[in-house]
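Take a look at the structure set out below.
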Number of protein chains: 2
Amino acid sequence: MTTDETPVLRIGALAKRTGLSVRTLRHYDELGLLEPAERTFAGHRLYSSAEVRRLYRIVALRRLGLGLAEIAALLDRDDADPLSVVREHVAELERRIRLEQELRDRLERIAAALDRMHEPSVTDYLDAIEGMTMIERHYTPEQLDYLARRRTEVGEEAIREVEDEWPRLYAEMRAEMQRGAGVTEPRVQELAARMRELVGMFHGGDEGSSRP
Amino acid sequence: MTTDETPVLRIGALAKRTGLSVRTLRHYDELGLLEPAERTFAGHRLYSSAEVRRLYRIVALRRLGLGLAEIAALLDRDDADPLSVVREHVAELERRIRLEQELRDRLERIAAALDRMHEPSVTDYLDAIEGMTMIERHYTPEQLDYLARRRTEVGEEAIREVEDEWPRLYAEMRAEMQRGAGVTEPRVQELAARMRELVGMFHGGDEGSSRP
DNA sequence: GGTAGACCCTCACGTAGCGTCAGGTTCAAG
DNA sequence: CTTGAACCTGACGCTACGTGAGGGTCTACC
């Protein structure tokens, strides 16, 4: 694997190197979530560094509790911002570590009590179970807010883009028409296409990614 | 909830207190894994402290990666040793914490590189993914050994039981036959049944609990 | 005592994310 | 060339619940 995009890992090698299963990687390919860079003549999958980078993000988001469909939607929107996934992942790890340390301490107290032939209180056990479910609860309210805000910001960016650009496009279009340019003129076509693009950002932009 | 076995938690209360779902608790009841202490006249489930203690062990063993059937088998065998589950659980938490700290450190380096507009190496990403799968790998070799040793010890107990009892059974059987007793005699039938039981411990004892 | 909403029951269909297997082709080392 | 490992596609199956339907119970309040 070189630092450019030369494909060098077959599916088995990638699976072994990452600890994932071949079945998992094929599953992701089937879903269009992680497609190989190319295939050999025989149909073998070849993965390059871009796929590895994307795979990191997939697995990290899985660990954050997102379903595969959600991950696909998110990655297709966010492919320019790899840093945000890493940041979230770090935050999640720190949360887990903290909760696990608390739970471990709690369990050590339970173990000490059992060692002394004292039955721990029921509350101890209930707290321990609750600690376990807290650890496995993937989204804190803060994280959900963050993701929701992210979606909103993308929406807001689109709105601002349209607001900034539309008057300029309109003014240029008007200038062209006052100059007597026809609708087949390349510049007019260009302006019209961009205007259609901006309009399309509003109608095709929201995919409704609520989790069942 | 008092310190004796008075049932006081209904299923919703137990679910809320532990962070588990009502559905999960019902599911465990259906499986006979965690049965309520009693039911009200209306059929509501009532859980006491004994159930809470058992539930702790169930959830802990789930976190260790055992399936529910395996947990049932293990708990039915080990109901006298709650301390071992706590111990294993502590060990698993410490393992996870250690791996998560390593992964967090690794990710922070990746984030720093991305911050500086440097693309991290592919090896960094591969290592990160591997770190994630290591964390989720439930059984360390030591734990597998421990569980295997546990099963072996149970097996050895069965062997000893047969070795101790068989000669006595055989001697009694011989005495009965030298007395002229027929095979239909109750005592002879009893002895034969016990001998069949002991033999069956060898052939029916191993459930092949390998995990796919 | 009556009411209303939260909580409980059983039953049962459905699912996400793979695991496993079958049957066959390709690749790489000896 | 041979052989065994690695790869392909296709497809059935699984675990541990989630969800909804339809109905009864419990508890607090009027």
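The values are calculated or read from the model by the stated rules, or taken from the named source; none is laboratory data. The structure displayed is predicted, hence computed values, not measured ones. Cβ coordinates were reconstructed from backbone atoms using ideal geometry, including for glycine residues, and neighbour counts include every protein chain displayed.
Here are some notes:
- The residues in region B:24-38 that are within 10 Å of DNA strand D (Cβ to nearest atom) and surrounded by fewer than 16 Cβ atoms within 10 Å (Cβ to Cβ) can be counted, and the count is 4.
- Any chance B:Arg116 is modelled with pLDDT of 65 or more and more than 30 Å from A:Gly12 (Cα to Cα): yes
- Residue in region A:53-91 that is surrounded by the fewest Cβ atoms within 10 Å (Cβ to Cβ), counting only those that are acidic (Asp, Glu) and touching a Ser or Thr at 6+ places or on another chain (Cβ under 9 Å): A:Asp78
- Helices (runs of 4 or more DSSP H) fully within region A:17-97 counting 2 or more residues that are within 9 Å of chain B (Cβ to nearest Cβ) and either more than 11 Å from DNA strand C (Cβ to nearest atom) or among the hydrophobic types (A, V, I, L, M, F, W, C) (or both): A:49-63
- Selection status of B:Leu14, farther than 19 Å from A:Asp124 by Cβ, of a type in the set (A, V, I, L, M), modelled with pLDDT of 90 or more and within 14 Å of DNA strand D (Cβ to nearest atom): no
- Test: residue in region A:136-144 that is at pLDDT 85 or above and either closer than 24 Å to B:Thr18 by Cβ or not assigned by TED's automatic domain parsing to the domain that holds A:Leu34 (or both): yes
- Of all residues in region B:100-122 being more than 8 Å from every other protein chain (Cβ to nearest Cβ) and part of a helix (DSSP H, G or I), the one that is surrounded by the most Cβ atoms within 10 Å (Cβ to Cβ): B:Arg106
- B:Ala72 fulfils the conditions (1) over 28 Å from A:Arg62 (Cβ atoms); (2) under 12 Å from the mean Cα position of the chain (by Cα); (3) assigned by TED's automatic domain parsing to the domain that holds B:Ala13 except for a single criterion, (3).
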